[in-house]
Each structure stands twice: as structure tokens, then as C-alpha cells.
Amino acid sequence: MKLRYYILFAVSALMLIFSIVTPLGTDVTVSFGAAIQADYLGKFPYNVYDSWNLRGIGYKYLIYLIYRIGLMFSTPGSPSFEIWAKMIYYAIFLPISYLSFKLLKPSFVKLKIYWVDAFIIFLISVLSFSWNFPMQPEDASVYLTVAMTAFALSSHKRLNYLSGVFIPLLLSLKLVTIAFAFFPTMILLSTLKTEKELIKRYIISCIGFLIFTVLFYLFVIPLEIKDTYKATLFQSSFHLNFKSISSLGLWFIKSFSDSAYLFAGTICGLILIYRSRSNFRLFFFMVLLFAVPAFEVLVQNRFSVYQYLIFFPASMISIFVLLSENKDPKSYLRNFGIVAGSITVLWVLCVVLDLKIPVKDSKSSNSWYINTIFNPQRNAFNEMNIKYHLSEQKEMLYLTGGYPNFFIPNKSYLRYFYPLPLKRVTENPKLKETSLFKEVLAQSLTYKGDYILLQPNWFDLNNTLPLKEKIQQEYELVDQKSFPDYSEALLDLYKRKNEPK
């Protein structure tokens, strides 16, 4: 085995260990909270379907599967559970990626790239993310995109005809993650002159599975269609303006420090765009490769660093195309080393050492997240739970961002265990006019439980004045936790003044 493989596989192993021991990201923690809620809603598989999460049904089942396996080794809310969860996650997706790259070996041979080199570049890229990326729907989409590409380019006809199965899988993780299917399609279209049969099988497969998906959603899981529509209201999707475009560029730059692959891939992409000025076909291909992900982020109109994972396939393709242009072995090895080295160095500087560089988002780093959010909140929830026996409550009204449901095992009074139908009126005032807002507010007003947990800097009670009056009249503040470095994490625990009849 070549020396560079030993070195880079060792680097990958360190990255993997670092990722596993880092606590779950905030949004992933919330999704595990949804998995816990599913256990209160009946038997599998209907309980997961009936539970609610902002993410898609496929992602809910994926997280629920990991949650149930994780229960065999640990309990939610404990440090060991996050470790087990990530180990299970990587045990599912890393072997899939390895087999996919092995299946892509003939394609890399045509590009004059060693498939092991390609897999190593992919491995250190996907493992170099900071805390906010692993286990997100976009992260799972990366692995599925690789597998879809491998099926589409395979020399086995059966796999070609199965390549479309990834359409419903991508769509089920999160509505917008269907955009990841764009990249295998672009790769197939680039071989139009030589691989017409592959393209034909791919199109037939995608259309067939797309029709199946539409029928399945309409007649088997119609609740998912309703939840998906509601999610677009909560996220204020499709509300584009000049501020959205400026935010896209700003957060793209900030994402470099937490996703080292993006920097390397963007540089390679810019080089290729510059070189292809006289080659319209390649120029158009490269521009489109980055324009479509940019549009996908804009459509969501919410800018978190993990959402830029949609640029991952574009970055990988740019890197591989640039490597394939190096016909001289020395140039190939030099550029391979530059790409792998730059990703590793950025990972060490920005994720491991967590340098406070000017463009880095102050709320997007391992140490900040662990010390400011995760550990303090874990301690606060555990203290509240023990002191007030919250886990023994039949159900509770949570007016929080969803984190408590990972630490406090009891049933949420509302299906929307982080009540976005009420909360998101701040960003989308039109929500107040919807029947959904009125229904959830009315249900909240009939709550008779002993405790209410409020995150006041996240959930503004002034947007739901009847609920504010109810809390003031029927409940009293019995505990409060504050985190000076993170104002959104302020917690208020209310107890009912009089025992319900």
C-alpha cells in the first residue's frame, strides 16, 4: 500500500473519531426528540409517521432506527448516546460510500484517477465537517448521491434501472434534498455522446420511481404532503429578496471554516471555469454545477452552514475533473496532495484548534457549541428533571426549540413539540391568519398539565397574547436557567398554581 494511503487513512480515522466524540448538532438533537415522541404515539411503523418533525418522513425513520438501536447501549441525553448514535450512522453510510466508489472504479479509470485516491478525497472531505453537519438530511443526501451516481454509471443493467430508487429516498429526507439528484443527472448528460444506453436506463428508472413516489405520497402517506406544505410556511421558503442573495454569499464564505471541502472545491471550480472560457460546453457545465446549489439554498431562504452541503457534490466533481486534467504523474500527485492537504489543514485550524478567524460564524464551532449550548443545557435539563420529576409527567407543554425533548423523556402535549406554528409568526406574520395557527393556539389554551417549559428568547409570548395571559393567571415561575454567552437558551419553568381538578 502506498505511503500516502497510510497517511491519509490515518488522518481520516482521526477525523472520524473527532466527529464521533463531538456531541450531536442542535437540529439533530431535535430530530432525536421527535424519535422519542414517536414512542408515545403507538406501534411502529405508524408511530413514526404520526410524529412530527420539520424534516421528511425518510429522515424521521432513519433517525428513529438509529435511536432504537442506540437504546440497546445507552439512554438519550447521556454523552454516550451521542457517541453510539454517530457510530451507528457512520456504520451505515461509510460502507455504502466505499462500495459506491469501488463500483465507480471504471469511471475513474477513464478519468485516469485512482479510485482509492477519489475515495480518500471524499472521505477526508465528508469527515472534516464541524459539529453542525454530521447526520443532517443534507449529509445523508451526500452519501445517497454517491450511491445514485454509482448505480447510474454501473456496467450492470439492473443497477442502472435501480438508480431511480434514490429519487424517493432523497425526497423523503427533506423536500429540497431532491436537488442532489441534479448531480448524477449532470454527470450522465456529460457522457451523452458515448453512453446513450446508460442515460436511457437512468431516465426510465427516474421517471418510473418518481411516478411511484407521487402515488405513494397521495394514497399511502397523505399526512406527509400536509406536513411538507406546512414546513414551507414555517421556513418562509420562496420569499426571495436582495437580502437573501447577499446572505447567500456571506454564509458561503463563512462555511469555508466549517466545511473545508468547500474551499478546495470552489478553488478547483473557479480554475476550471477560467480555463473553459473558450469551451462553452464545459464552461456552461461548471457554472451550472454551482448555480443550481446556490438556487437551492436561496429557495429555502434560511442560511445555516449545514445547508451548504448541497455544494458538496459540485466541489467533488470539480476536484475530480481538475485531477483528471493532470496527465503527468508528478502533476497529478502534486495536485492530489494540495487538495487533500488543504482540506486537512483547514480542518485542523478551523475545527480542531477552532481559530477565531474574521469570517467565521461565532455560533458555528465545536468548542463554542459544546461549552455554550450543549453541556450547559444538558446540565440544566437534568437538574430540572430530577428536582421536579418532569419525566414522570404524563405530558407537558413545551414552548421551546425542541432540545428538551431529547433530555426529558415525556410526551409533548402538542404534536408540534417545538411549536413552529406559533413561533414562526415572528418571521412570517401571515401564519396568524391560517387555521393551523388558530388550531394549535386553541389546543395550547386547553392545556391543564402541571408544568410548562418556556424558552422566552426563542418563543415570544407577545405573539400569542391569550397564551401569555393563561400562563400569567394559571402558572407561576418556579425555576429559571440563564446562559450568559447564549441568550436564546434562557429557560423558564412554570408550575400550575392550583392542582387541576
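The values are calculated or read from the model by the stated rules, or taken from the named source; none is laboratory data. Computed from a prediction, not measured in an experiment: that's the story for all the values here. All Cβ positions, even for glycine, are placed from backbone atoms using ideal geometry, and neighbour counts span all protein chains on display. Accessible surface areas use protein heavy atoms only, side chains included; no ligands, DNA or RNA. Shrake-Rupley method; radii C 1.70, N 1.55, O 1.52, S 1.80 Å.
Cβ separations smaller than 7 Å between residues 6+ apart or across chains give the following pairs from segment 319-342 residues that are farther than 19 Å from residue 8 by Cα to residues that are among the aromatic types (Phe, Trp, Tyr) and open to solvent by less than 30 Å² (accessible area, probe 1.4 Å): 326/332. Total residues in segment 286-330 satisfying the condition of being acidic (Asp, Glu) and open to solvent by less than 30 Å² (accessible area, probe 1.4 Å): the figure is 1. Could you check, for segment 460-481, whether at least one of its residues is among the β-branched types (Val, Ile, Thr), at negative phi and open to solvent by 60 Å² or more (accessible area, probe 1.4 Å)? No: segment 460-481 contains no residue that is among the β-branched types (Val, Ile, Thr), at negative phi and open to solvent by 60 Å² or more (accessible area, probe 1.4 Å). Mind checking whether some residue in segment 25-39 is more than 25 Å from residue 126 (Cβ to Cβ), in contact with a strand residue (DSSP E or B) (Cβ under 8 Å, 6 or more places away or on another chain) and not acidic (Asp, Glu)? Yes, that holds for at least one residue.
Residues in segment 111-124: is at least one assigned to a loop (DSSP other than H, G, I, E, B), surrounded by fewer than 17 Cβ atoms within 10 Å (Cβ to Cβ) and basic (Lys, Arg)? Yes - at least one qualifying residue is present in segment 111-124.
Let's see how each residue does on (1) in contact with a Ser or Thr (Cβ under 6 Å, 6 or more places away or on another chain); (2) under 21 Å from residue 294 (Cα atoms); (3) part of a helix (DSSP H, G or I):
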{"position": "150", "(1), (2), (3)": "yes, no, yes"}
{"position": "163", "(1), (2), (3)": "yes, no, yes"}
{"position": "168", "(1), (2), (3)": "yes, no, yes"}
{"position": "176", "(1), (2), (3)": "no, yes, yes"}
{"position": "184", "(1), (2), (3)": "yes, yes, yes"}
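For residues in segment 127-153 being aliphatic (A, V, I, L, M) and over 17 Å from residue 85 (Cβ atoms), which is most open to solvent (accessible area, probe 1.4 Å)? Of everything passing the filter in segment 127-153, 153 is most open to solvent (accessible area, probe 1.4 Å).
Here the condition is being buried (at least 18 other Cβ atoms within 10 Å of the Cβ) and either small (Gly, Ala, Ser) or at pLDDT 90 or above (or both); of 448, 387, 423, 438, it holds for 423 alone.
When 263, 212, 180 are checked against the criterion of being open to solvent by 30 Å² or more (accessible area, probe 1.4 Å), closer than 30 Å to residue 366 by Cα, assigned to a helix (DSSP H, G or I) and in contact with a helix residue (DSSP H, G or I) (Cβ under 9 Å, 6 or more places away or on another chain), a single residue qualifies: 263.
Let's see how each residue does on (1) part of a helix (DSSP H, G or I); (2) open to solvent by less than 50 Å² (accessible area, probe 1.4 Å):
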{"residue": "40", "(1), (2)": "no, no"}
{"residue": "43", "(1), (2)": "no, no"}
{"residue": "54", "(1), (2)": "no, yes"}
{"residue": "60", "(1), (2)": "yes, yes"}
{"residue": "86", "(1), (2)": "yes, yes"}
{"residue": "98", "(1), (2)": "yes, no"}
{"residue": "101", "(1), (2)": "yes, yes"}
{"residue": "109", "(1), (2)": "yes, no"}
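Can you tell me which residue in segment 20-38 is surrounded by the most Cβ atoms within 10 Å (Cβ to Cβ), limited to those that are at pLDDT below 90 and polar (S, T, N, Q)? Out of the qualifying residues, it is 22. When 108, 119 are checked against the criterion of being without any contact (Cβ under 8 Å) to a residue 24 or more places away in the chain and either touching a helix residue (DSSP H, G or I) at 6+ places or on another chain (Cβ under 8 Å) or of a type in the set (Asp, Glu) (or both), a single residue qualifies: 119.
Picking from residues in segment 68-84 that are surrounded by 14 or more Cβ atoms within 10 Å (Cβ to Cβ) and of a type in the set (A, V, I, L, M), the one that is nearest to residue 409 (Cα to Cα) is 71.
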